[in-house]
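What follows is a single structure, written as C-alpha cells, with notes after it.
The values are calculated or read from the model by the stated rules, or taken from the named source; none is laboratory data. Note that the structure is a prediction, hence the values are computed from the model and not measured. Cβ placement follows ideal geometry from the backbone for every residue including glycine, while neighbour counts extend to all protein chains displayed. Just so you know, the surface numbers come from the protein's heavy atoms only, side chains and all, with ligands and any DNA or RNA stripped out. Shrake-Rupley method; radii C 1.70, N 1.55, O 1.52, S 1.80 Å.
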Amino acid sequence: MCHIDTKERFILQQISITENPNKKDKPNDNALQFGKTFTDHMFIMDYDKEIGWHDARVVPYQPLAMDPASMVFHYGQTVFEGLKAYRTDRGDVQLFRPTENIARLNRSNARMCIPEIDADTALKGIQTLVDIDRDWVPHLEGTSLYIRPFVIATEAYLGVAPASKYAFMVILSPVGAYYDAGINPVKIAVENEYIRAVKGGTGEAKTAGNYAGSMAAQEKVAALGYAQVLWLDGHEKKYIEEVGSMNIFFKINGKVITPHLSGSILPGVTRKSVIQLLNDWGIAVEERPIALTEVLEASRKGELEEAFGAGTAAVISPIGELFADGESYIINNHKTGDLSKRVYETLTGIQYGRIEDPHQWIVRV
Ligand SMILES: *Cc1c(COP(=O)(O)O)cnc(C)c1O
C-alpha cells in the first residue's frame, strides 16, 4: 500500500514522565459535558523517517506549537481512536478492549500512509497516562474517562505525499453519563443526498475527513428534528451502512442482522462485542447487505422488532423512529426493546466490572 519503513515497530519504548506542577480543578461528576474538559497530562510520541517512533512521553496537557505548513492542516493525513476508562464499584480503573482500538488505529494508519505504531508502546502509553490522571476518572454511575488517541502529520511541506514526520498523542476527557434519564430511543432519518463513504475510499478508517464530510447531512437531519443520519451505501444508495458514528443492528422477525463490513463501514469494537455477546446467548447474527427496502417492508409487516446503534459513546442507542422517503416508521412503539436493553446492561456491566468478563475484554490500569 504505502512505502513505510516499519523497522522500529516491535520496539517497546520507555515512557518518560513529566508531572504537571499546576493541577487543574476537576469538574463535578454531575456537570460533565462530552469532550470539553481535559485532564492534567497528555501522551506524545514523535516519528521521524530516519529514526522511527521515538521519545514516548507523558507531559503536562498543553497547546501545541505547530508550523502552519504542517501537512495535517492541508491534506488531512490524520487518524484517531476513541475508547474509555471506567471506574468500578471497588474504585479500580479499567479499559475495555484497548488492543482492538490500537489494532484499528494501525489499520487506519496503513490506509492513510501513516507509519505503524508499536501496539505495546501504544497500550503502555494509554495505561501510563490514565494511571497518572486516574483521579480524573469520574465516580458517578454511567460516567467515564474518554480516551482520544490520534496521529497527525507534522512535517512542514506543501507537497501532496505522505509526511516524513508525525506525532502520536493521547488526550483524556471525563465524560458524563450518555443517558441521563435512562436509555432512550432516538429518531433517525435516512440520508439520500450525501454519502459518507464508498468502497475503496476511507470509510473503514477513523480519519478526520470522513467526519468533516458528514456534518452537512447531520445538520440537515438535525434541523428536521432527527438525532442521527442513517447512511446508505455510496454506490447504489440502496443498502444500509451506519447510523451517525455508530454501527447498526436490526431485529426482524426474531433474527438479528447487521450490515457486513463492506469496505466502507467503520468496524466498531462495540459492533464486534455485540455480535460476540449475542453468539454467547445462542443468537446468531447475520452479517450481510441489508437493503433499506427490506427494513421498511419488515416495518410495514410489523416484523421490525428492534433497531439500535452501537458505538463506544452511547454503547447502545435504541432507534424508536426511522424517517425514510417521506414516511415515518415507528419501531417498538418508541420503546427500548428487550434485546437492546439486555445487550446494553451486559456490555456496561462488563465495562464497569459489575458482571463477569467472559472474554478477557477488560484491561486493568
Ligand atoms: C468510531 C465509529 C464507530 C463505532 O466504533 P466503536 O469502536 O464501537 O466505538 C462506528 N462508526 C463510525 C463511523 C465511527 O467513527
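Values computed for the structure shown
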item	result
Residue count, region 173-199 (criterion: among the β-branched types (Val, Ile, Thr) and open to solvent by 60 Å² or more (accessible area, probe 1.4 Å))	2
Hits in region 31-82 (condition: open to solvent by less than 40 Å² (accessible area, probe 1.4 Å), of a type outside the set (Asp, Glu) and within 16 Å of the ligand (Cβ to nearest atom))	GLY35, GLY76, THR78, VAL79, PHE80, GLY82
Residue ID - nearest to the ligand (Cβ to nearest atom), chosen from residues in region 296-315 that are of a type in the set (Asp, Glu) and touching a residue at least 40 places away in the same chain (Cβ under 8 Å)	GLU306
Boolean, PHE323 is surrounded by fewer than 19 Cβ atoms within 10 Å (Cβ to Cβ) and part of a strand (DSSP E or B)	yes
Residue, most open to solvent (accessible area, probe 1.4 Å), within region 200-224, restricted to residues that are under 25 Å from VAL269 (Cβ atoms) and either among the hydroxyl-bearing types (Ser, Thr, Tyr) or more than 15 Å from the ligand (Cβ to nearest atom) (or both)	GLY200
Region 104-148: number of residues that are small (Gly, Ala, Ser) and either touching a Leu at 6+ places or on another chain (Cβ under 6 Å) or open to solvent by 10 Å² or more (accessible area, probe 1.4 Å) (or both)	3
Filter pass, PRO162 being in the same structural domain as THR37 (by TED's automatic domain parsing) and either of a type in the set (Lys, Arg) or surrounded by fewer than 20 Cβ atoms within 10 Å (Cβ to Cβ) (or both)	yes
First in region 111-122 and without any contact (Cβ under 8 Å) to a residue 40 or more places away in the chain, second anywhere and not in a helix (DSSP H, G or I), Cβ under 9 Å, 6 or more apart	ALA119/ARG9
Every residue from region 85-103 that is within 16 Å of the ligand (Cβ to nearest atom) and surrounded by 21 or more Cβ atoms within 10 Å (Cβ to Cβ)	ALA85, TYR86, LEU95, PHE96, ARG97, PRO98, ASN101, ILE102
Qualifying residue in region 114-129 (condition: in contact with a Cys (Cβ under 9 Å, 6 or more places away or on another chain) and more than 23 Å from PRO60 (Cα to Cα))	yes
Residues that are more than 10 Å from the ligand (Cβ to nearest atom), within 16 Å of PHE96 (Cα to Cα) and polar (S, T, N, Q), drawn from region 251-284	GLN276
Residues within region 325-341 that are touching a residue at least 60 places away in the same chain (Cβ under 8 Å) and within 27 Å of LYS272 (Cβ to Cβ), tallied	8
Matching option when the condition is free of Cβ contacts under 8 Å to residues at least 60 places away in the same chain, under 23 Å from VAL295 (Cα atoms) and out of contact with any helix residue (DSSP H, G or I) (no Cβ under 7 Å at 6 or more places or on another chain), among LYS220, LYS199, LYS187	LYS220
